[in-house]
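Below is one structure, written out as structure tokens; the observations come after it.
The values are calculated or read from the model by the stated rules, or taken from the named source; none is laboratory data. Everything numeric here is computed off the predicted structure, so don't read it as measured data. Ideal geometry is used to build each Cβ from the backbone, glycine not excepted, and the neighbour counts take in all protein chains shown.
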């Protein structure tokens, strides 16, 4: 008993006919011989073809060998005979112009007429030179970057880019400099003290934390009451340093040479 093997079906259909996939080719499929066309050279018109023939063989555009160029041009026209006739008609017109120029060059002319008459190739040379200038200019323009082809516009709003703010670290010299400014302002203020009050660092720490509850940050100089003089300023400084050491506050400076601020690091936690 023989087994018949069938060809595996392709993963993708060959085509879709009226929306339905076609996974098997019909046995009576006929492909005409002229279904495939190969274009070796593509020209934008008869002048482009003529300029191509001249440049390909390094002919002098001011001294075109009309007979040779006409022969080669007719050869290309014969190759285009199987293509679209509406396209070939433009090339046939140029072939007729070349044949006319060739006949005028080959026919004998009187010496008087030859001296006065312009070269029959002059008009064609002028057209070719003008066409070549425009073609080179078009190529150079095409080499420039073009929007939506080589370059594409893009953009991003400033609000869409998160920029983390990094505070500079506070050096001890900067902190002492700010404290010296506080002492200078205290020197300009005199108080008449009736009695001496005992100053407590722990008490001052609690006062600073209480003031920070309702404020995101406090200016460093506002933590030194002027009525207490130098002793009060020293106690306040020790209280700030102790709070910073215990990680209850942080001392920040948002920018170089900017104002020194004290911020609370305590977080009010909620119940579980």
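Against the definition (modelled with pLDDT under 85, outside any loop (DSSP other than H, G, I, E, B) and surrounded by 12 or more Cβ atoms within 10 Å (Cβ to Cβ)), how does residue 102 come out, yes or no? Yes, satisfied. Please tell me if residue 132 is closer than 18 Å to residue 44 by Cα, assigned by TED's automatic domain parsing to the domain that holds residue 56 and at pLDDT 75 or above. Criteria met by residue 132. For the stretch 132-152, a residue qualifies if it is assigned to a helix (DSSP H, G or I) and touching a strand residue (DSSP E or B) at 6+ places or on another chain (Cβ under 9 Å), but none of them does.
Of the candidates 87, 25, the single residue that is assigned to a loop (DSSP other than H, G, I, E, B) and either modelled with pLDDT under 80 or out of contact with any helix residue (DSSP H, G or I) (no Cβ under 9 Å at 6 or more places or on another chain) (or both) is 25. Of everything in the stretch 206-216 that is surrounded by 15 or more Cβ atoms within 10 Å (Cβ to Cβ) and in contact with a strand residue (DSSP E or B) (Cβ under 9 Å, 6 or more places away or on another chain), the residue that is farthest from residue 265 (Cα to Cα) is 208.
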